[in-house]
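Inspection log for the structure reproduced underneath, given as structure tokens.
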Amino acid sequence: PPAVLRPFNPGDFKRIHFPGGGEDMALVKWEPSGACGIPGSVRYWIENLNPRVIGGRVADETYLEAVAAALHPGNRQDLIDRHPLLLEMGRGFVFDYLVYNNDRPRNLGTLVLADGTEKLVLFDHGLAMGPDMGFTKRSQVYFGAMQMLPADIVQILTSMTEEDLGVLLDPGVCRKLKVTDLVFSQIWERRGRIIEKAEELKALYGPAALY
């Protein structure tokens, strides 16, 4: 699903609802009304979203901490065979830690597909990429509890250069999308911590530390 990674000033955009559709088919189209032009749209197609539900129960902070702690090599096969949704939540934990998104368990939910399986939906990242002022936040707690990390994310971050990150964080559209030097350096530091933790876990658990 679409995700907003930066907060915007609503005054810079206008909202247009797609004619003839109900709430589930509404189309929100953002068009520039000022100097900052970000064309795009979000379609509300998720009719059967179970908000804040993961693994069959309503998620709260305590439950998400338990999910993070369960991401351990000792549970690896059981997670792969019976709880793949929790492995996907682990990917969300790493992403939230990287971009400093601290409002989970809000802004998540699950869909039940036709075959009965669940699909994780993470949405609304508008509070991400703020400055870390030194307080322990939820994203740090969840990431800190994990003892097994997603291999593909670790690989992508390992191959990333500061220049790559700069391109991602400064698309060159307008100044309102550019993060501060402080935020950039903190994201780069967290990227390094994810790689460092992956190496520590591999030394402790071997290849099973990555999934």
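Computed from the coordinates by the stated procedures, all read-outs in this text should not be read as laboratory data. Fair warning: this is a prediction, and the values are worked out from it, not measured in the lab. Virtual Cβ from ideal backbone geometry, glycine too; neighbours counted across all protein chains shown.
Close amide-amide hydrogen proximity is noted between residue 210 and 149, each under 5 Å apart and 5 or more residues distant or on a separate chain (H modeled in the peptide plane; Pro and chain starts excluded). Summary of packing: across the peptides 50-56, 144-150, the per-residue average of other C-beta atoms within 10 Å ranks them, highest first, as 144-150, 50-56. Residue separation of residue 69 and residue 111 scaled by 0.36 nm, minus their Cα-Cα distance, works out to 12.8 nm of gained length. Please work out the C-alpha center-to-center distance from the range 186-211 to the range 98-139 and express it in whole Å. So the separation of the two Cα centres works out to 21 Å. Here the range 93-211 is treated with +1 on each Lys and Arg Cβ and -1 on each Asp and Glu Cβ, and its dipole about the Cα centre works out to around 340 debye.
The H on the amide N of residue 53, modeled in the peptide plane, is under 5 Å from the matching H of 59, 110, each at least 5 residues off or on a different chain.
With a simple spin-label model that places each label point 7 Å from the Cα along the Cα-to-Cβ direction, the separation between residue 81 and residue 136 comes to 3.5 nm.
Against the empirical curve 2.2 N^0.38 Å, the C-alpha radius of gyration of the range 115-211 lands at a ratio of 1.26. Seen through its C-alpha gyration tensor, with square-root eigenvalues sorted a ≥ b ≥ c, the range 80-121 comes out oblate because a/c lies at 1.5 or above while a/b is not bigger than b/c. Simple spin-label estimate for residue 195 and residue 181 gives 2.2 nm between the two label positions (7 Å along the Cα-to-Cβ direction from each Cα). What residues from the range 112-154 fall in the zone where the backbone N is under 16 Å from a label point 7 Å along the Cα-to-C-beta line of residue 205? The answer is 142-154.
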